[in-house]
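Taking it in order: structure first as structure tokens, then the write-up.
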Amino acid sequence: MDDSRYKRAASGGWLNGMLGVVIFSGSLPATRLALRDFDPLFLTVARASIAGLLALAIVMLRRERWPQGVQWRSLVVVAIGVVVGFPLLTALALQHVTSAHSIVFIGLLPLATALFGVLRAGERPRTAFWVFSLIGSALVAGFALREGVSAAPMGDALMLLAIALCGLGYAEGGRLARTLGGWQVISWALVLSLPLMLLASLWWWPARLGAVSMPGWLSLAYVALFSMFLGFVFWYRGLAQGGIAAVGQLQLLQPLLGLVLAAALLHEQVSAAMLIVTLAVVLCVAGAKKFAS
């Protein structure tokens, strides 16, 4: 690829990645809101079922070519990481911590994604990239240790496990998107998970759906259609175009956007420390982007 085409692809990757991050920023506040009406297990499988049915309809209507042998193995990893693991673990964590608190942990996702990008996709960012990535992650970890662990260790532990699985799912999906296509990766991962998710939805079906509030239904719709599907269409395309480790640093912006939504929609308290940490990691994005390749 010549230099001009490479720069266009990289720019497109950052744009698509940013659109994905904006969509993902509403995920934790919407999940927190949905948990007022839904059990976390049902919420997890219901959002995956709704998104899976949409994905199945799209790939059938478009008569997409089915993934080949080794691609299915990668899709299993993607499904474990982002279809089941992250949604379930964050829903469980949000029973112990506020969405504003949990959002700060998202600042660890770029480091997790970059590490798995090296392990799974063979990427080799420059040393300065790791410096900025580690600084941003250290700021987030320091904040969590200062304010969160003593208050809700279970919630923090669940969030850390969720981050690890999500980073793996992001990196694997970004690698696979180079050959399968961005929206195809999340679509086939959802289709692969669909039979189990539908059975689980029936098993954990709520006894009183009529009592679910309108905000509950809207939140379920958001995490199913936007967080579980549309966001990944942009995100995996961005990772494939601009590089997993590089574009993954955009996730450092997600806490800032998420905190704004948590304060606006849920009226949760956003402390000065949260804002300082979030703004500091935003500066790390610029540094990491400059030395990503």
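Things worth noting here:
- Entry comment: accessible area of region 218-258 is 25 Å² per residue, from protein heavy atoms only and a probe of 1.4 Å.
- Quarter the surface of the alpha carbon convex hull of region 25-120 and you get the mean projected area, 7.5 square nanometres.
- Inter-centroid distance (Cα atoms) of region 53-115 relative to region 160-222, Å: 6 Å
- Carbon/sulfur fraction of accessible area - region 1-118, other protein chains in place, 1.4 Å, %: 65 percent
- Only Lys, Arg (+1) and Asp, Glu (-1) charged, at Cβ; the chain dipole about Cα centre in debye: 760 debye
- For region 16-126: accessible area per residue (Å², 1.4 Å): 39 Å²
- Within a Gaussian network of the chain (alpha carbon springs, distance under 10 Å), most fluctuating of Gln251, Gln68, Gln269: Gln68
- Solvent-accessible surface ranking, highest first, for Asp156, Asp37 at 1.4 angstrom: Asp37, Asp156
- Within the accessible area of region 218-267, the carbon and sulfur atoms contribute 76%, probe 1.4 Å, all protein chains present.
- Farthest toward the positive end of the dipole of region 54-132, out of Leu94, Gly81, Val70, is the Cα of Val70, where the dipole comes from beta carbon charges about the Cα centre.
- Listed candidates [x] 51, 45, 37; [y] 59, 46, 33; [z] 58, 51, 27 - label of the one calculated as Cα extents along the principal axes in Å: [z]
- Helical runs assigned H by DSSP (4 residues or longer) give the chain a calculated mean residue ellipticity at 222 nm of -24000 deg cm²/dmol, each run adding -39500 (n - 2.57) before division by the residue total.
- Computed from label points 7 Å out along Cα-Cβ, the spacing between Ala221 and Val76 is 3.7 nm.
The values are calculated or read from the model by the stated rules, or taken from the named source; none is laboratory data. Note that the coordinates shown come from a computational prediction; the quantities given were computed from them, not determined experimentally. Backbone-built Cβ (ideal geometry, glycine too); neighbour counts: all protein chains shown. Accessible surface areas use protein heavy atoms only, side chains included; no ligands, DNA or RNA. Shrake-Rupley method; radii C 1.70, N 1.55, O 1.52, S 1.80 Å.
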